[in-house]
Amino acid sequence: MSRFLNERLQCLEPYTPGEQPKKMKLIKLNTNENPYPPAPGVEKAVKEAAENLRLYPDPQSQAPTEALAQFFGVNSEQVFLCNGSDEVLAFCFQAFCDGGVAFADITYGFYPVYAGLYNIKETVVPLREDFSIDVKDYCGINKTVVLANPNAPTGLALSLDDVKEILQTNDKNLVIIDEAYVDFGAESCVSLLKKYDNLLVVGTFSKSRSMAGARVGYAVGSNELIADLNTVKYSFNPYNLNRMSAAAAKVAVEDKEYFDECRQKIIATREKVMKELVSMGFKGTESKTNFIFVEHVKYKGKEIYDSLREKNILVRRWDLPRIENYLRITIGTQEEMDVFLQAMREIVGK
Ligand SMILES: *Cc1c(COP(=O)(O)O)cnc(C)c1O
């Protein structure tokens, strides 16, 4: 730390991203990337966009914004594109959380980091013993609510009725639903926007659209909420979405067929892997995401993690209370998961 860092940042604990190994022969199941390539037209669109690199990109990101609006059946004033959904979330914490923010004890690690960065008072709401969310905890909580749905790293999803109850009982508060994993088996809250103006839905191209490297995220909400996000964006970095990523995003959204094919493959692989792991003595949550969250009845999480690492397989775990023995395993291709399962059989002796 230099002697120049502002005092309010001196205790800030930054987010720790999952490892991005330089060694490429690893089977990488640690950061929930999609194992399949982006939609077929994406590469060509990126190359064409690169021909105009000397020019600034469109600050409104009009082409992908319109494509996304059409995909969700909303108007384009209701859609906001960003440099990854992490940036959308950062803008939300700046724009909507001065009155305090509430989120779960076990959830996406960036929420407490943003609260710290922007000096926002946080209310941490414990999940139930089985990692489910008790909706009642959020009813009338009188703070901005941020929920990952499905949640990470637990993989569990709330129903639309549950989200409705939170929205109805927080009429004066904004409810932000982070749908990073929604395309792998949960229901999107975008359909609730017609009825609830206190809802903002956040999403990403990093997982279900195989574009983590492009950094494209979005928010969908009322025209007014989106105008507020634009106020923050134009006060910070009007050109946050680069040319190549904007072009890639448009093409990716328009290819509905490829999108459906990829997510169905991942869902099918997930179900097979989970069944195999259960037969080896693992138990876990009912994941609606592109990862599974499991612990073994006998072996410690750290032991299994280390043994997998020795076999060149990378998964994710945390030294945190309640979940220290759990592993979060991203669903790769069926071939990758066959190698993973064989390694696991060797480790747990089945
Ligand atoms: C991956 C993830 C994000 C961040 O996505 P980017 O668009 O890559 O920044 C946001 N929220 C949750 C819950 C995530 O898992």
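What follows is calculated from the coordinates using simple rules that are stated; it is not laboratory data. What you see is a predicted model; the values in this text were computed from it and never measured. Backbone-built Cβ (ideal geometry, glycine too); neighbour counts: all protein chains shown.
Summary table below
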{"item": "Near-label residues of the range 179-196 by backbone N, under 16 Å of a point 7 Å along Cα→Cβ of Arg322", "result": "none"}
{"item": "3J(HN,Hα) from dihedral phi, the range 144-158, Karplus parametrisation 6.51/-1.76/1.60, rounded to Hz, x for glycine, proline", "result": "5, 9, 10, 10, 7, 9, x, 7, 10, x, 6, x, 7, 10, 8"}
{"item": "Two-decimal log10 I(q)/I(0) for the range 1-160, as the Debye equation yields it once each C-alpha is a single scatterer, q = 0.11, 0.14, 0.18 Å⁻¹", "result": "-0.69, -1.07, -1.35"}
{"item": "Of Phe103, Val273, Ala69, farthest towards positive along the dipole that unit charges on Lys, Arg, Asp, Glu beta carbons give the chain", "result": "Val273"}
{"item": "Neighbour-count order for Met274, Met1, fewest beta carbons within 10 angstrom listed first", "result": "Met1, Met274"}
{"item": "Cα-centre dipole for the chain with unit charges at Cβ (Lys and Arg positive, Asp and Glu negative), debye to 20", "result": "940"}
{"item": "Cα lying deepest toward the dipole's positive end in the chain, options Phe282, Cys139, Ala186, charges on Cβ", "result": "Phe282"}
{"item": "Signed unit charges on C-beta, dipole axis of the chain, positive-most listed residue Ile176, Val297, Ser206", "result": "Val297"}
{"item": "Peptides ranked, highest mean first, by Cβ atoms within 10 Å: ranges 25-35, 117-127", "result": "25-35, 117-127"}
{"item": "The chain: DSSP helices with Cα axial extent of at least 27 Å and average Kyte-Doolittle hydropathy no lower than -1.0", "result": "256-279"}
{"item": "Likely footprinting exposure, Tyr234, Tyr108, fewest C-beta neighbours within 10 Å first", "result": "Tyr234, Tyr108"}
{"item": "Centre separation in Å (Cα based) which lies between the range 141-180 and the range 330-350", "result": "34"}
{"item": "Calculated diffusion of the range 12-54, Stokes-Einstein form, Kirkwood radius summed over Cα pairs, 25 °C and 0.890 mPa s, µm²/s", "result": "177"}
{"item": "Simple label model, 7 Å out from Cα along Cβ direction - Asp137 to Ser191, nm", "result": "2.7"}
{"item": "Selected from Glu43, Glu66, Glu310 as most flexible by GNM, with the chain as the system and alpha-carbon contacts under 10 Å", "result": "Glu310"}
{"item": "Principal axis dimensions, largest first and in whole angstrom, of the range 122-235 by Cα", "result": "37, 30, 27"}
{"item": "Value of D in µm² per second that Stokes-Einstein yields for the chain, Kirkwood Rh from Cα pairs, at 10 °C (1.306 mPa s)", "result": "75"}
{"item": "Order of Glu336, Glu179, Glu129 under a 10 Å beta carbon neighbour criterion, fewest first", "result": "Glu129, Glu336, Glu179"}
{"item": "Max mean-square fluctuation residue, GNM over the chain, Cα-Cα springs under 10 Å, options Pro21, Pro153, Pro57", "result": "Pro21"}
{"item": "Of Cys139, Cys189, Cys11, the one that fluctuates the most in a GNM where the chain has Cα springs shorter than 10 Å", "result": "Cys11"}
{"item": "Projected-area average for the range 1-92 over all orientations - Cα convex hull basis, square nanometres", "result": "10.7"}
